[in-house]
Ligand code: SF4
């Protein structure tokens, strides 16, 4: 394969399909955060990308990569850092959208610039926008994400709410849990109070699963699931765990299955982790009888019992 400076992949992703990535800060980390859990080396936060690749270079390399890999599901805007710091983002997104054929477009952002109307306008042209949102309090945000001194949490919150009102595409939030920081009771309560106002199509709840920049500890699948159950059941929370966990394989009666799904919609992977084979059989029968319903969020299917209630709640919020 040709060596590209700004294009990488394709990379198989369970949540987005086969992705071709665009790196807008190739070679060096340039981010306005310095998260404790970053998989890149620690670096002082910056407020712009130095020596960015030209739009022409990115587009030329993307065209060449797509000729080699015409079957990709998604083209992902990302960076060794924060892609929305790229100075020609608007023009680049225009060019990528104009050449789009048969694949979707996605950005992975830390949400730091979503308060800026120009950034919102640019991102709104993409099919999927995935924003990190780890903390609902300023002190937690400063401690965990270690932003550039010019960045505050309140404009990010307002920016996400404003963006959701005008954005028809798929909005995904990602919360990364770090032990002793945002997994505290008070922080979970603050997140739970704020998350409904974002109207996200999906909320991915994950933890540290690659060597972090600083010595922090992650949570395992079962701890994440316990936290997910404490959130409002109307929130489309999806527990993400890259490593297959030891399955629970517990025994669930019909009533227990329905009560569990009423509290927290689950994916099939969650169900196969939690339940033994007989319980999975009972789950299938309840599904066939229509007592369990499904809801699609991107490539994931959630099984639950309260989706009608969630739909009306969501309409009310954004109408
Ligand atoms: S926002 Fe992403 S790239 Fe930037 S420091 Fe945090 S984890 Fe690393």
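Consider the range 103-117. How many of its residues are assigned to a loop (DSSP other than H, G, I, E, B), under 16 Å from residue 169 (Cα atoms) and out of contact with any helix residue (DSSP H, G or I) (no Cβ under 6 Å at 6 or more places or on another chain)? Looking only at that region, the number is 1. Right, residue 113: within 15 Å of the ligand (Cβ to nearest atom), closer than 30 Å to residue 227 by Cα and either at pLDDT 95 or above or in the same structural domain as residue 26 (by TED's automatic domain parsing) (or both) or not? The answer is yes for residue 113.
There is at least one residue in the range 73-95 that is modelled with pLDDT under 95 and more than 19 Å from residue 131 (Cβ to Cβ).
Check the range 287-308 and report whether any residue there is assigned to a helix (DSSP H, G or I) and at pLDDT 85 or above. Among the residues of the range 287-308, at least one is assigned to a helix (DSSP H, G or I) and at pLDDT 85 or above, which makes the answer yes.
Based on what the data block shows, is residue 137 more than 16 Å from the ligand (Cβ to nearest atom), touching a helix residue (DSSP H, G or I) at 6+ places or on another chain (Cβ under 6 Å) and closer than 29 Å to residue 181 by Cβ?
Details: more than 16 Å from the ligand (Cβ to nearest atom): yes; touching a helix residue (DSSP H, G or I) at 6+ places or on another chain (Cβ under 6 Å): yes; closer than 29 Å to residue 181 by Cβ: yes.
Yes; evaluated as a whole, the condition is true for this residue.
Of everything listed in (1) in contact (Cβ under 8 Å) with a residue 60 or more places away in the chain; (2) more than 14 Å from the ligand (Cβ to nearest atom), the single unmet condition for residue 93 is (1).
Looking across the range 136-163, the residues that are assigned to a helix (DSSP H, G or I) and either surrounded by 18 or more Cβ atoms within 10 Å (Cβ to Cβ) or on the phi > 0 side of the Ramachandran plot (or both) come down to 140, 141, 144, 145, 153, 156, 157, 159, 160, 163. A single entry from 121, 174 fulfils the requirement of being more than 16 Å from the ligand (Cβ to nearest atom) and farther than 16 Å from residue 32 by Cβ: 121. Among the residues of the range 26-62, those identified as within 21 Å of residue 114 (Cα to Cα), modelled with pLDDT under 95 and within 21 Å of the chain's Cα centre (by Cα) are 29, 38. Within the range 45-61, one or more residues are within 23 Å of residue 178 (Cα to Cα) and within 16 Å of the ligand (Cβ to nearest atom).
The values are calculated or read from the model by the stated rules, or taken from the named source; none is laboratory data. Treat the numbers as computed from the prediction; the structure is a model and nothing was measured. All Cβ positions, glycine included, derive from the backbone under ideal geometry; neighbour counts span all protein chains shown.
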